[in-house]
Amino acid sequence: MPPACRRESRRAFVVSVAPATAVVLAVITGFYEFAAWIFGLTFIVISVGTILPKCRLFGPLITRLPEGTKGVCITIDDGPHPDTTPALLDVLDEHGAKAVFFLIGDRAQQHPELVREIARRGHLIGNHSQTHPAGTFWLLRPWNLWREVAGCQETLRGILGQAPTWFRPPVGHHNLFLASILRALGLSMMIWNCRGFDGVRRDVAVILRCIEPDLRPGAIVLLHDVNPICAEVLRGTLQRVRDLGLPVVLPAELSAKAA
């Protein structure tokens with residue numbers, strides 16, 4: 001971790017433990033109502049800032065493409081996987097579309113040829129953490145976050161010769177330590193504003209009905225790799241995008257910046 005990032009992370013860590021310290025002191029001195037008030041307020045702030053993907057409380061991110069964009073961006077999380085990624089690439093080729101693949105570092109290490117094939121076909125590759133700790137990413141402290149984010153950067157750099165410029169946290173959760181780490185690594189955070197919960201649902205028709213209302217200019221669509229219906233979901237999504245007359249675009253083509 002670079003020195004500047006380390007200093008900023010230490011300051012953020014001090015800020016993070018200050019409410020707990022205040023609660024303990026309030027309890028020790030008998031100010032129980034004050035302790036409860038601090039605890040409740042801190043719980044609300046942390047819950048909103050970390051659990052809600054679109055919340056900018058703890059740092060900059062984008063949830064849609066820049067105003068005036070006429071197309072939509074397709075993003076695909078959690079790959080690569082030899083059983084599903086090739087089918088996704090073929091579906092994208094069929095529609096002449098490009099996507100952003102947010103890859104997990106551990107899986108990329110296992111299947112570097114798939115990572116290179118994604119890039120060879122003209123798709124953009126993003127950082128989706130090294131191990132994808134879905135349930136605990138928002139709880140990680142600076143040094144563990146650095147290992148997750150920087151580790152994936154180095155994994156993808158080793159395979160592709162260059163590191164990604166976009167990051168998506170597992171499940172979209174983030175905390176007050178993440179922003180300084182992303183700045184140090186030259187990463188911008190991309191969330192989404194259109195999804196069908198294909199990571200947990202298995203009914204393609206239901207997923208597509210959930211996606212369709214938010215398919216409009218500027219949308220960032222969240223889809224997933226690895227699950228057995230992913231190619232069918234992607235095909236249906238692209239067909240609906242085509243029916244609406246919307247082009248599929250990459251954020252790199254638009255010079256999108258986190259704001």
statement: Per GNM of the chain with C-alpha springs under 10 angstrom, the most fluctuating residue out of F102, F58, F13 is F13
- request: Considering only G71, G105, G96, give the residue with the highest GNM mean-square fluctuation for the chain, with springs between Cα atoms whenever their separation is below 10 Å.
  value: G96
- request: Mind telling me which of P60, P170, P228 comes out most flexible in a GNM of the chain, alpha-carbon contacts under 10 Å?
  value: P228
field: Cut-off 15 Å between beta-carbons: net charge of the residues surrounding H174, Lys and Arg +1, Asp and Glu -1
entry: +3
- request: Could you provide, to the nearest whole Å², the per residue accessible area of the stretch 1-140 with probe 1.4 Å?
  value: 51
task: Go from 0 up to the bin containing the longest alpha carbon distance in the chain, width 10 Å each, and give me the % of pairs per bin.
output: 7, 29, 33, 19, 9, 3, 0
message: Give me the one-decimal nm value for the distance between modelled label points at A205 and D93, 7 Å along each residue's Cα-to-Cβ direction.
response: 3.1
- request: With a 1.4 Å probe and every protein chain kept in, tell me what percent of the accessible surface of the stretch 115-259 is carbon plus sulfur.
  value: 53
- prompt: Under the Kirkwood approximation applied to all pairs of distinct alpha-carbon atoms, what is the hydrodynamic radius of the stretch 1-114 in Å?
  reply: 18.9
- request: Grab the other residues whose beta carbon is less than 11 angstrom from that of R201, score K and R as +1, D and E as -1, and report the net.
  value: +1
field: Ratio Rg/Rh [Cα only; Rh per Kirkwood] for the stretch 202-243
entry: 0.93
task: Enter the accessible area of R141 (Å², nearest 10), with the probe set to 1.4 Å and all protein chains included.
output: 90
message: Can you compute the helix-only [θ] at 222 nm over the chain? Use -39500 (n - 2.57) per DSSP H run of at least 4 residues, normalise by all residues, nearest 500 deg cm²/dmol.
response: -15000 deg cm²/dmol
- prompt: Counting only residues 5 or more places away or on other chains, whose amide H sits under 5 Å from the amide H of C73 once H atoms are built in the peptide plane?
  reply: A219, I220, V221, V249
- request: For K70, K98, write out the residues from largest to smallest accessible area, computed with a 1.4 angstrom probe and no ligands counted.
  value: K70, K98
- prompt: Normalised by the number of residues in the stretch 162-259, what is the relative contact order in percent for Cα pairs under 8 Å and 6+ residues apart?
  reply: 24
message: Leaving out ligands and nucleic acids, and using a 1.4 Å probe, what accessible area per residue does the stretch 161-206 come to in Å²?
response: 36
message: For the stretch 42-109 and the stretch 190-241, what is the centre-to-centre distance using only Cα atoms, to the nearest Å?
response: 11
task: Return the inverse of the average 1/r over all pairs of distinct C-alpha atoms in the stretch 135-177, which is the Kirkwood hydrodynamic radius, in Å to one decimal.
output: 11.1
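The values are calculated or read from the model by the stated rules, or taken from the named source; none is laboratory data. These numbers were taken from a predicted model, which means no experiment stands behind them. In this analysis, Cβ positions are derived from the backbone assuming ideal geometry, glycine residues included, and neighbour counts consider all displayed protein chains. For accessibility, only protein heavy atoms count, side chains too; no ligands or nucleic acids. Shrake-Rupley method; radii C 1.70, N 1.55, O 1.52, S 1.80 Å.
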